[in-house]
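The values are calculated or read from the model by the stated rules, or taken from the named source; none is laboratory data. Computed from a predicted structure; not experimentally measured. Counting neighbours? That spans all protein chains shown, and the Cβs are built from the backbone with ideal geometry, glycine included. Accessible surface is based on the protein model in full, side chains and every heavy atom, while ligands, DNA and RNA are left aside. Shrake-Rupley method; radii C 1.70, N 1.55, O 1.52, S 1.80 Å.
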Amino acid sequence: MNATAVAEARERSAPPPAADPAAGPSLARLLHPYRWGFAAVVILQVIGAVAGLAPLLAVVELGRALLSPGPIDHGHVRLVVIAGAIGFFVRLLFTAASSGIGHVLDDHVQLSFRRRLAMRLGRVPIGWFSRRRTGELAKVVGRDVSAMHPLIAHAPGELVSAFVVPLVSLAYLLTVDWRLTLITLIPVALAVALVPLMMTPTRLREQKAFDAAMERIASSVVEFVQGISVIKAFGGGERAHREFRAAADDFARVFYRMVRGLSALGAGMQVALSPPFVLLVVLTGGTALITTGSMAPADLLPFLLLGLGLTAPVAALGHGFDDLQAARRAAGRILDVLAVRSLPEPAHPVTPRGHRVELRDVRFGYETGHEVLRGIDLVLEPGTVTAVVGPSGSGKSTLVRLLPRFFDPTHGSVVLGGADLRELDGGELHRMVSFVFQDVRLLRASVADNIALAVPRAGHDDVVRAARLANIHDRILALPRGYESVIGEDVTLSGGEAQRISIARALLADTPVLVLDEATAFADPRTEQAVRDALVTPAGERTVLVIAHRLETVAGADTVVVLENGVIVERGRPADLLAQNGRFAAFWQSHPSASADGTETRRGIPQGDQPR
């Protein structure tokens with residue numbers, strides 16, 4: 001990345017808009033369409049959980065029948081065995097159905113969340129992305145949505161089991177002996193007493209620090225992989241590795257601190273809910289009651305069996321506590337993204353009349369108190385090409401990004417066909433304005449689909465015609481599957497080829513207003529000339545605004561605007577500005593080709609107009 005690109009990337013950076021609680025729904029509202037599915041999961045789990053106690057109760061009744069004095073009632077024994085077997089199969093059937101529906105719900109919810117995130121990210125201002133690392137957004141859309149799995153697929157069933165099974169067991173055990181019932185609850189009480197200690201402000205801060213460390217290490221990996229070519233070219237491998245190691249070491253420190261704080265609590269809960277400890281408590285209490293003659297020996301059996309039933313669901317919930325906490329935090333980050341303010345849409349959209357563009361006293365700043373653009377007045381007539389030049393950080397990229405409404409000006413207005421852009425419907429604006437930037441992003445889809453992105457119903461002939469105009473048709477035919485070749489699978493395109501695909505996309509869209517940010521930076525001269533001719537001489541009149549760094553682009557413009565510190569300092573025809581011997585002339589002379597020879601320097605400027 002060159003110095004200009006770095007400076008303009010810095011110029012484009014903007015703080016994320018504040019989250020708007022009204023902009024994004026709550027988690028309850030997001031899950032509301034699936035309420036009947038969750039109700040089915042809970043009801044099936046309740047039936048399965050209660051039925052799951054039948055085998056245990058059957059063993060208890062068998063023990064009592066076999067240990068009681070007198071003859072054995074074989075009919076009663078058969079009935080108990082059959083009831084236990086039926087309960088086992090009912091539990092198996094209903095818990096399987098509950099789990100299956102829960103996982104289907106999870107798939108639907110995750111798909112819904114990702115679609116909502118995609119829609120929201122498609123409507124937020126572009127400036128919001130500039131302060132977000134790629135790894136952070138990838139984590140929200142990918143890992144954070146996947147982290148909702150325990151909350152959606154498992155939590156409803158586990159919560160039901162954690163409450164229903166102990167309650168039913170308690171009701172039964174209280175009918176046997178209330179004193180030993182209270183003794184049996186001691187392990188559960190000890191485990192529950194430890195839960196608040198896992199939710200202290202210190203523990204919550206450690207969990208947030210853990211998530212932040214995870215995001216940093218994920219972002220460092222993404223940035224390292226994406227910038228590997230630059231790192232190798234400039235010998236920055238050791239520095240990049242140091243940054244990654246620093247992120248990894250930071251993660252290790254945060255993880256160790258969190259585990260150190262939770263390990264004792266987690267171990268205490270596991271011991272309290274473990275079968276040996278539960279059996280020890282029950283046997284100790286039961287032995288004391290039996291030896292004093294307060295309880296029959298046979299009555300100890302249900303406590304030995306159902307005592308484990310009291311703790312097992314709570315233990316299972318405890319094992320999933322970390323997953324549930326992670327799911328809760330992931331849900332919070334998802335809701336934060338969904339709550340980001342989008343650009344407002346008009347209640348009563350206006351239809352533009354024509355495609356004349358005006359910028360009226362436009363001011364814009366990414367941060368309060370610092371304006372990047374300061375009082376821009378500019379008119380772009382239909383059928384003309386306006387080139388914007390200026391030093392790095394002068395506001396060029398910010399200016400051209402106002403036309404496709406990546407931002408709204410903080411003062412003044414951008415007018416298209418007599419209508420403020422804020423009064424246009426988003427779809428109408430996209431049909432009127434298209435853009436091609438130097439930094440091209442292509443989808444992992446076929447070449448034809450990438451070209452037809454803005455016109456999904458375009459025919460094959462139209463796609464081919466746009467590719468020919470962009471001088472990329474022959475290269476596409478040489479691909480393994482031609483226009484059906486999938487980018488990223490069948491082929492990896494060079495920067496220049498990707499740029500020409502992007503240009504073909506803009507040509508196929510055929511919008512009356514076109515914004516170019518050095519769109520032919522990677523093209524060879526012949527391709528650049530062919531593309532420039534195709535862009536500026538379509539059927540009908542097109543309004544073109546272009547950030548120009550090449551003399552060839554500037555020389556072919558109808559109007560040149562020189563921007564400096566967010567202010568237009570010069571404007572006019574290229575030849576007229578050269579004659580003034582001002583800032584534009586200095587820009588012209590500083591161009592690398594300016595020292596080649598007079599003909600090359602003044603290419604595109606009529607010889608009679610050359611300054612003397």
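Of note:
- Subset of segment 377-419 that is among the charged types (D, E, K, R) and more than 24 Å from Asp510 (Cβ to Cβ) - its residue that is most open to solvent (accessible area, probe 1.4 Å): Asp377
- Scanning segment 479-504 for residues that are assigned to a loop (DSSP other than H, G, I, E, B) and at positive phi turns up just one, Gly488.
- Of the residues making up segment 443-467, just one is among the acidic types (Asp, Glu) and under 19 Å from Thr492 (Cβ atoms), namely Asp449.
- Contacts under 9 angstrom Cβ, first residue in segment 466-478 being touching a residue at least 24 places away in the same chain (Cβ under 8 Å) and on the phi > 0 side of the Ramachandran plot, partner outside any helix (DSSP H, G or I) and crowded, with 20+ Cβ neighbours inside 10 Å, 6 or more apart: Asn471/Ala523
- Residue in segment 194-207 that is open to solvent by less than 80 Å² (accessible area, probe 1.4 Å), modelled with pLDDT of 75 or more, in a helix (DSSP H, G or I) and within 30 Å of Leu280 (Cα to Cα) present: yes
- Flag for Val414 being out of contact with any Pro (no Cβ under 9 Å at 6 or more places or on another chain) and modelled with pLDDT of 90 or more: yes
- Filter result (open to solvent by 100 Å² or more (accessible area, probe 1.4 Å) and either part of a loop (DSSP other than H, G, I, E, B) or over 25 Å from Val165 (Cβ atoms) (or both)) within segment 71-98: Pro71, His74, Arg78
- Hey, Leu443 surrounded by fewer than 18 Cβ atoms within 10 Å (Cβ to Cβ), touching a residue at least 12 places away in the same chain (Cβ under 8 Å) and under 27 Å from Ile547 (Cβ atoms) or not: yes
- Applying a threshold of 7 Å to beta carbon distances and a minimum spacing of six or more residues, or different chains, the list of pairs starting in segment 44-55 at a residue that is under 17 Å from Gly307 (Cβ atoms) and open to solvent by 40 Å² or more (accessible area, probe 1.4 Å) and ending at one that is of a type in the set (Asp, Glu) and not in a helix (DSSP H, G or I) is empty.
- Single residue of segment 468-514 satisfying the filter (polar (S, T, N, Q) and surrounded by fewer than 17 Cβ atoms within 10 Å (Cβ to Cβ)) that is nearest to Arg356 (Cα to Cα): Ser494
- Cross-chain or 6+ apart pairs with Cβ under 7 Å, segment 135-162 first and closer than 15 Å to Asp336 by Cα and open to solvent by 10 Å² or more (accessible area, probe 1.4 Å), then among the hydrophobic types (A, V, I, L, M, F, W, C) and modelled with pLDDT under 80: Ala138/Val222; Lys139/Ala218
- A single member of Leu174, Leu182, Leu190 is open to solvent by 40 Å² or more (accessible area, probe 1.4 Å) and either out of contact with any helix residue (DSSP H, G or I) (no Cβ under 7 Å at 6 or more places or on another chain) or charged (D, E, K, R) (or both), and it is Leu182.
Conditions (1) in contact with a Lys or Arg (Cβ under 8 Å, 6 or more places away or on another chain); (2) of a type outside the set (Asp, Glu); (3) on the phi < 0 side of the Ramachandran plot, marked per residue:
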position: Val389; (1), (2), (3): yes, yes, yes
position: Gly395; (1), (2), (3): no, yes, no
position: Leu399; (1), (2), (3): no, yes, yes
position: Phe407; (1), (2), (3): yes, yes, yes
position: Leu416; (1), (2), (3): yes, yes, yes
position: Arg444; (1), (2), (3): no, yes, yes
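- Looking across segment 12-29 at every residue that is of a type in the set (A, V, I, L, M, F, W, C) and farther than 21 Å from Ser98 by Cα, the one that is modelled with the highest pLDDT is identified as Leu27.
- Among the residues making up segment 430-440, those that are within 20 Å of Leu416 (Cβ to Cβ) and surrounded by fewer than 20 Cβ atoms within 10 Å (Cβ to Cβ) are His430, Arg431, Phe437.
- In segment 422-429 there is no residue matching the filter, namely being open to solvent by 20 Å² or more (accessible area, probe 1.4 Å), in contact (Cβ under 8 Å) with a residue 24 or more places away in the chain, small (Gly, Ala, Ser) and not in a loop (DSSP other than H, G, I, E, B).
- Any hit, segment 425-441, residues being within 30 Å of Leu477 (Cβ to Cβ) and among the aromatic types (Phe, Trp, Tyr): yes
- Residue among Pro33, Pro69 that is out of contact with any strand residue (DSSP E or B) (no Cβ under 6 Å at 6 or more places or on another chain) and modelled with pLDDT under 80: Pro69
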